[in-house]
Structures are given as C-alpha cells and as structure tokens.
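S.K.: Got a structure here, written out as structure tokens. Questions coming.
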Amino acid sequence: MADKGLFLQNVIALIWDFDKTLSPHYMQRPIFEAYGQDERAFWDEVRALPAYYRRAGIKIQEDTCYLGHLLAYVKHGRFPGLTNAKLKELGARIPFFPGIPEFFARLQSIIDEGPFADGDLRLEHYVVSTGLDAMIRGSAIAPYIKDVWASVFIEEPARPGADYSAVPDSGPISQIAGFLDNTTKTRALFEINKGVNAEGSISVNDVIPEAERRVPFKNMIYIADGPSDIPSFSVVRQHGGLAFAVYDPDSEDHYSQVLSLHETQRVHMFGPADYRDGSETDRWLRNQVRKIAGRMMDERRRATESRVTRGPVHL
C-alpha cells in the first residue's frame, strides 16, 4: 500500500475483447471440431432463439442466449461429457491473429527495459469477453493475462441440504454460473479501475476517490473490434482512457465498421488485427504504452518534488 492511499497507481492496463479482436474466429470453434458438430448450424439456431421464445412470451438476452443453447447441446448428447476441464483443454486450440502471443512479451519489454526499468511500473492485460472463461484460461495467451471476466459454467449443481463445505461434484456442465453481455462488460472496467480483483475487501459499489483507485482510467487502453463494444469504448473514453478498434485485414466490411467507429469518435484510433513487430497496430499500442509510462513517471516526479522542502544553500 502507498502512503497516499490504497494503491501505488503504478499499473498500465490493456483490456481486451477476445473474439475477432485477438482471435479471427469465435472461440467456441474447437468445441464443434472436437465433437464433429456443425458450427454454422449452431449459430443459426442461436439467432433464431429470440423469436422462438418470444412465442411463449419470454424475452431472452441476445448477447448470451448461446450459453443456454450450448448447455442444450450437452444435455441432448451433441457435446457429451463436456466439462470445464475439457473446455480449458480445448482452449489450447484457439487460433490467434498474427503476432499473438509474442506481442505481449514485446510490450512488456517497454516496462522492463530502458528509461522505465527502475520505475516500478506494471503492465497488466485483462480479457473482458462474452465468451467462455475456461477456454480463455486454457488458451495460448493465458500466461500473459492478469485476470479474465467472461462466462462461467457450473458442472453439478449443489443439492438442497448438501454438505456446502465439501468440494462440488464434477461432471458435464449443466448451469450458467455467471455471464457478461455487452453492457455489463462496463462493470468489469470499474472493477479493474477500483482494484476489486486485487483487493478482496473492495466491492465495485464502494466509494473510492479517483486519486486512490488501483488503475485510473487514464492508464487504460481498451481494445475491441466492433459496435457491440461501444458501451465499453464510451466508458473508457469518458474517463480519460484510450479506445482502440481492430479489424480483420481480410474483411472489407469489418474495416468499414471500425472506420465508422473512428469517424463518429467512438475510438481514438483503429488498425488491423495484426500484432506482428512493426505493424500499424503494434506501433500505435507500443507508442501509447510508452506515453502513459512517461506521464506516470513525470507525475510521480512532480509529486515527490512537491513534498520536498529544499534546504538552504550558499549564495
């Protein structure tokens, strides 16, 4: 803890969407491949679900209704024996855009070497996704990620009257434990901002002065790919952080989509989802990390000088 308050505020946070941002496909693709199921048919069914349930007077959440349908595939034998451990194992098969995960190590070198090496700065990466927590934690980027906000499954639900001090029973996934949609992603941003994940006694609803929050928004960069991330782009921008949109270099439609985000000032900048050394996106993000680190060092220097009363000198 710092003497100024709760946290040192020495963290630069890069907060990532996942699908179409880090990976060119929906992360669930390895599940369909492992079980020999038709991925396109599944997503067609998911898109039909809102109208289907509306006929029974039921309004469902379109961002996350795929989770319940995935559980239906488990229940009806399309994904037999799909456990959280299996999801994590399948996460290792998720492909990534060029330059990932090497890009994470290259960014880290900015903090570890050169003028910032002795600055006690930290670079942290977070994934905030409507996808699956277990698959993200099993993927190639997991060693570089500080924390994940995503959807989680329960395997065997607790029975009434069970021994709640025991380890839960295992088995195929059968219930949704928690999920994020495109709006509740913003809650994750405030949890990172306040340090909820780093200090268990803090709640996202606790009142913490900006000057004492673990990761000020001005030290954040939010990276995502499309209109569904507008709520998160807006929160980060409004609080002084940076918003960056990426597009699939092979898709003209995706390029037009993020160009519109830039033209309407939803994001500060955009670039291709190509994270190789020297790419436009690589250079912009590395430059911004350097700028944030430099500002943090300057602020620390000024704060130190303001606390020091200079001693008398010979005239």
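The values are calculated or read from the model by the stated rules, or taken from the named source; none is laboratory data. Computed from a prediction, not measured in an experiment: that's the story for all the values here. Virtual Cβ from ideal backbone geometry, glycine too; neighbours counted across all protein chains shown.
S.K.: Only one of these is without any contact (Cβ under 8 Å) to a residue 24 or more places away in the chain and either in contact with a Gly (Cβ under 7 Å, 6 or more places away or on another chain) or farther than 29 Å from Pro172 by Cβ (or both): Asp118, Asp38, Asp44. Name it.
M.R.: Answer to the check: Asp118.
S.K.: Taking the condition buried (at least 18 other Cβ atoms within 10 Å of the Cβ), in contact with a helix residue (DSSP H, G or I) (Cβ under 9 Å, 6 or more places away or on another chain), over 30 Å from Asn193 (Cβ atoms) and among the aromatic types (Phe, Trp, Tyr), does Phe32 pass?
M.R.: In short, yes.
S.K.: Determine which single condition Arg214 fails, assuming it passes every other condition in (1) buried (at least 17 other Cβ atoms within 10 Å of the Cβ); (2) under 21 Å from Ser234 (Cβ atoms).
M.R.: Condition (2) is where Arg214 drops out.
S.K.: What do you reckon, is Ala211 of a type in the set (A, V, I, L, M, F, W, C) and farther than 19 Å from Asn182 by Cα?
M.R.: Yes: the conditions hold for Ala211.
S.K.: Now for a separate question. For the stretch 45-59, which positions are over 26 Å from the mean Cα position of the chain (by Cα), among the charged types (D, E, K, R) and closer than 19 Å to Gln28 by Cβ?
M.R.: The answer is Glu45, and nothing else.
S.K.: Could I ask something else about it? Search the stretch 159-183 for residues being under 30 Å from Ala224 (Cβ atoms) and surrounded by 17 or more Cβ atoms within 10 Å (Cβ to Cβ), and hand back the single one that is modelled with the highest pLDDT.
M.R.: Ile173
S.K.: Has the stretch 120-134 got any residue that is modelled with pLDDT under 95 and more than 26 Å from Val235 (Cβ to Cβ)?
M.R.: yes
S.K.: For Phe190, indicate whether it is of a type in the set (A, V, I, L, M, F, W, C) and either touching a strand residue (DSSP E or B) at 6+ places or on another chain (Cβ under 7 Å) or within 20 Å of Glu299 (Cβ to Cβ) (or both).
M.R.: Here the answer is no, as Phe190 does not meet what is asked.
S.K.: Here's another thing I want to ask about it. Inside the stretch 143-176, can you point out the residues that are part of a helix (DSSP H, G or I) and in contact with a helix residue (DSSP H, G or I) (Cβ under 7 Å, 6 or more places away or on another chain)?
M.R.: Within the stretch 143-176, just Tyr144 meets the criteria.
S.K.: So, one more: Which residue, of Phe116, Phe103, is over 24 Å from the mean Cα position of the chain (by Cα), surrounded by 15 or more Cβ atoms within 10 Å (Cβ to Cβ) and more than 29 Å from Leu49 (Cβ to Cβ)?
M.R.: On inspection, the qualifying residue turns out to be Phe116.
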